[in-house]
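Heads up, the thing below is written out as structure tokens.
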Amino acid sequence: MMSTMAADSPTLRDEWRHVPHPRRLSEQHPHRGEILARHDDAMANGLPVYSDPVSGLSVFTADYLARRGYCCESGCRHCPFVE
């Protein structure tokens, strides 16, 4: 798969595809398992978003955000660029 990210794109976090930043989704979150399952399912199906099981809001996937190529500093749950 060819990357669409620019050469000057920020560095991706370790395990960015499967591990959200702890400040964005704590390991103790009561719906963490369902959230991660929905995220993984969306990524496996090439979807840019999934529905949050609690709020019903659309959440961008890590793959979508990485392809976008930059952090928008909006606190995205699966931002691959957060240090």
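The values are calculated or read from the model by the stated rules, or taken from the named source; none is laboratory data. A quick note: this is a predicted structure, and the numbers were derived from the prediction, not measured. Using ideal geometry, Cβ is built from the backbone for each residue, glycine included, and neighbour counts are taken over all protein chains shown. Accessible surface is based on the protein model in full, side chains and every heavy atom, while ligands, DNA and RNA are left aside. Shrake-Rupley method; radii C 1.70, N 1.55, O 1.52, S 1.80 Å.
If you go through the stretch 23-40 one residue at a time, how many are open to solvent by less than 90 Å² (accessible area, probe 1.4 Å) and either of a type outside the set (Lys, Arg) or modelled with pLDDT under 95 (or both)?
Start the filter on the stretch 23-40 by keeping residues that are open to solvent by less than 90 Å² (accessible area, probe 1.4 Å), which leaves 24-26, 29, 31-40.
Those left that are additionally either of a type outside the set (Lys, Arg) or modelled with pLDDT under 95 (or both): 24-26, 29, 31, 33-37, 39-40.
Total satisfying the criteria: 12.
Across the stretch 41-83, the number of residues qualifying as surrounded by 16 or more Cβ atoms within 10 Å (Cβ to Cβ), outside any loop (DSSP other than H, G, I, E, B) and not aliphatic (A, V, I, L, M) comes to 5. Just to be sure before I move on: is PRO20 out of contact with any Gly (no Cβ under 9 Å at 6 or more places or on another chain), open to solvent by less than 40 Å² (accessible area, probe 1.4 Å) and assigned to a loop (DSSP other than H, G, I, E, B) in the structure I sent? Answer is yes for this residue. Restricting the stretch 56-83 to residues that are modelled with pLDDT of 95 or more and of a type in the set (S, T, N, Q), the residue that is nearest to ALA44 (Cα to Cα) is THR61.
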